[in-house]
1. List the residue pairs whose Cβ atoms are under 8 Å apart, where the first residue sits in the range 235-261 and is charged (D, E, K, R), the second is part of a helix (DSSP H, G or I) and more than 13 Å from ligand 1 (Cβ to nearest atom), and the two are 6 or more positions apart or on different chains.
2. Within the range 266-291, which residues are away from ligand 1 (no atom under 15 Å from the Cβ), touching a strand residue (DSSP E or B) at 6+ places or on another chain (Cβ under 8 Å) and not aliphatic (A, V, I, L, M)?
3. Quick check on my filter: what residues within the range 217-255 are within 13 Å of ligand 1 (Cβ to nearest atom) and β-branched (Val, Ile, Thr)?
4. Among the residues of the range 103-156, which ones are over 30 Å from Ser190 (Cα atoms), hydroxyl-bearing (Ser, Thr, Tyr) and in contact with a Gly (Cβ under 9 Å, 6 or more places away or on another chain)?
5. Name every residue in the range 266-294 that is within 16 Å of ligand 2 (Cβ to nearest atom), out of contact with any helix residue (DSSP H, G or I) (no Cβ under 8 Å at 6 or more places or on another chain) and not in a helix (DSSP H, G or I), in order of residue number.
6. Suppose we filter the range 129-145 for residues that are outside any loop (DSSP other than H, G, I, E, B) and either more than 18 Å from the chain's Cα centre (by Cα) or surrounded by fewer than 21 Cβ atoms within 10 Å (Cβ to Cβ) (or both); how many remain?
7. With respect to Lys272, is the statement that it is crowded, with 18+ Cβ neighbours inside 10 Å and in contact (Cβ under 8 Å) with a residue 40 or more places away in the chain true?
8. Consider Thr321 carefully, then state whether it is touching a residue at least 60 places away in the same chain (Cβ under 8 Å), within 16 Å of ligand 2 (Cβ to nearest atom) and not aliphatic (A, V, I, L, M).
Amino acid sequence: MISSPYPAARELYAVQGVDTETALQRLAGIPVSLQCWQGDDVGGFEHPHATLTGGGIQATGNYPGKARTLNELRGDLDQAFALIPGRHRLNLHASYADFSGGRKVERNALELSHFQSWIDWAKTRGLGLDFNPTFFSHPLANDGFTLTHADPQVRQFWIEHGIACRKIGAAMGRQLGSATVTNIWIPDGSKDLPADRKAPRLRLEASLDAIFDEALDPCHHRDAVESKLFGLGSESYVAGSHEFYLGYATKNRKVLCLDTGHFHPTENVADKISSVLQFVPEILLHVSRGVRWDSDHVVLLDDATNAIAQELVRGDFLSRTHLGLDFFDASINRIAAWVIGTRSTLKALLLALLEPTAQLRAAEAAGDYTTRLALLEEGKTLPMGAVWEEYCRRQNVPLGTAWLQEVKTYERTVLARRS
Ligand code: RNT
Ligand code: ZN
C-alpha cells in the first residue's frame with residue numbers, strides 16, 4: 001500500500017504560501033452543470049429513435065451503448081456522477097421531456113408536468129437543474145431558421161416554445177431551491193452569403209423580447225443567451241453572433257453564454273471574461289473544445305481550459321459564473337466522456353485555486369515581472385495531482401484511473417445489452 005502523497009504536497013504548496021485546504025474547500029463549492037445530451041448524441045426522446053437533425057451541430061462516431069430511453073440516460077448519469085467528485089448540476093434540453101404520463105405535446109405546449117420526473121430525480125440526488133429550449137431537430141427548424149424566421153407563424157411557434165421553457169425552468173429552480181439557468185441557443189443562419197444580415201437580427205431581438213416579456217424571480221431563474229461564430233450549413237452568416245448577444249445581454253441584463261468552441265480558433269475566450277463581466281451581470285460558460293470545424297470535443301486539462309479557470313479565480317468571478325459543459329462525442333464511451341470532461345474542468349479549477357495569487361499580484365504591482373513569470377512556471381510542476389487525489393478520496397470517488405474500471409464494468413454489464 002503506497003502512503004498518501006498529500007501531506008508532502010501540502011507542505012510543498014505551503015512553502016509557496018498556498019493553503020491546499022482552502023483550495024479544496026473552495027473547489028467543493030463549485031458546481032458544474034453536466035450536459036444531458038452527451039449521453040445520447042443529442043437525440044432526445046421525443047419519439048423512438050430520435051436523432052439530432054439540423055442545427056449545424058453533429059455528434060460523430062458510433063460507439064455502442066448510447067442511452068435509448070429516459071431511464072437509460074438517468075442510469076448512465078448516475079454512473080457518471082458517482083465518478084465525479086463534488087456536488088453538481090444537470091443541464092437538460094427540452095427534447096428530453098417525459099411524455100410517459102400522458103400524450104406527447106408539441107414543443108410550444110410543453111409544461112412542467114413533462115419535466116416533473118426529472119425534477120424529482122434531481123431532488124433525490126441533491127442536483128440542481130439547468131434548462132434549454134430546443135430550437136433544432138424539428139420540422140419547423142428544417143430550413144435553418146427559428147426565432148429569426150421570416151414567416152411570423154413559424155416565429156410565433158418558437159417564441160411560444162421559449163416562453164414555455166422559461167416557465168418550466170423557473171419551476172425547476174423553485175422546486176429545487178437553486179436558480180435554473182435557461183439558455184437560448186438558436187442555429188439560425190445561412191450557408192452562403194446572405195443579402196440581408198439585418199432583418200433576421202431585428203426579428204431575433206423582437207422574438208427574444210417577446211420570450212422574456214414576463215419578469216421571473218432571479219432566485220429561481222436566470223435567462224442566458226448563447227452566440228456562435230458558424231455552424232455546419234451556417235458558414236457565412238449566424239444571426240446570433242457574439243456582438244449581437246453581447247449587445248442584447250448588456251442592454252437587457254441577461255446572462256451571456258460563452259461557449260468556448262464558438263469563436264475563432266485563435267481567440268482567447270478566457271480574456272473575454274473580465275471584459276464582458278464589466279457590462280453583463282453574469283456569464284454562463286459552455287466549456288467545450290473546438291477542433292477545426294467541430295466545437296464540441298471532450299474538454300481536456302489544456303491551456304484553454306486552464307486559462308479560463310485562472311481568470312475565474314484571479315478575477316474573483318466564480319460567484320457570477322455558471323459553469324456548464326457542452327461537448328458530445330459518440331466515438332468513445334459516453335459515460336467516460338462525461339467523467340473525463342468534468343474531471344478535467346475540475347482539475348483546471350483546482351490548479352487555478354492552488355496559485356499563489358497574493359504573491360503574483362504583489363510581484364505584478366511592484367513591476368517585478370521576473371518573479372511573476374518564475375512563480376507561474378514553478379506552479380506547473382508542483383504536485384497538484386496529489387491534492388486532486390486527496391480531493392477524490394474525501395469526496396468518495398475512485399482515485400486515479402480506478403474510475404475507468406468502473407466504467408468498463410458498467411459497459412460490460414449494462415451498455416453491452418443495448419443494441
Ligand atoms: C450549439 C450550442 C448549444 C448546443 C446545445 C445542445 O453549437 O453550443 O449550446 O451544443 O444546446
Ligand atoms: Zn453551447
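1. Lys254/Tyr248
2. Start the filter on the range 266-291 by keeping residues that are away from ligand 1 (no atom under 15 Å from the Cβ), which leaves 266-268, 270-282.
In the following step, the residues that additionally are touching a strand residue (DSSP E or B) at 6+ places or on another chain (Cβ under 8 Å) were identified as 272-273, 276-277, 280-282.
Residues satisfying the conditions are Lys272, Pro281, Glu282.
3. Once the filter is applied, which keeps residues that are within 13 Å of ligand 1 (Cβ to nearest atom) and β-branched (Val, Ile, Thr), the range 217-255 yields Val225, Val238.
4. Ser113, Ser117
5. Listed by number, the residues that qualify are Glu267, Leu284, His286, Ser288, Gly290, Val291, Trp293, Asp294.
6. 3
7. The answer is no for Lys272.
8. So Thr321 fails the test.
Bear in mind that the values in this text are calculations on the coordinates, not laboratory data. Computed from a predicted model, the values in this text were never measured in an experiment. Positions of Cβ are generated from backbone atoms using ideal geometry, with glycine treated the same way; all protein chains shown enter the neighbour counts.
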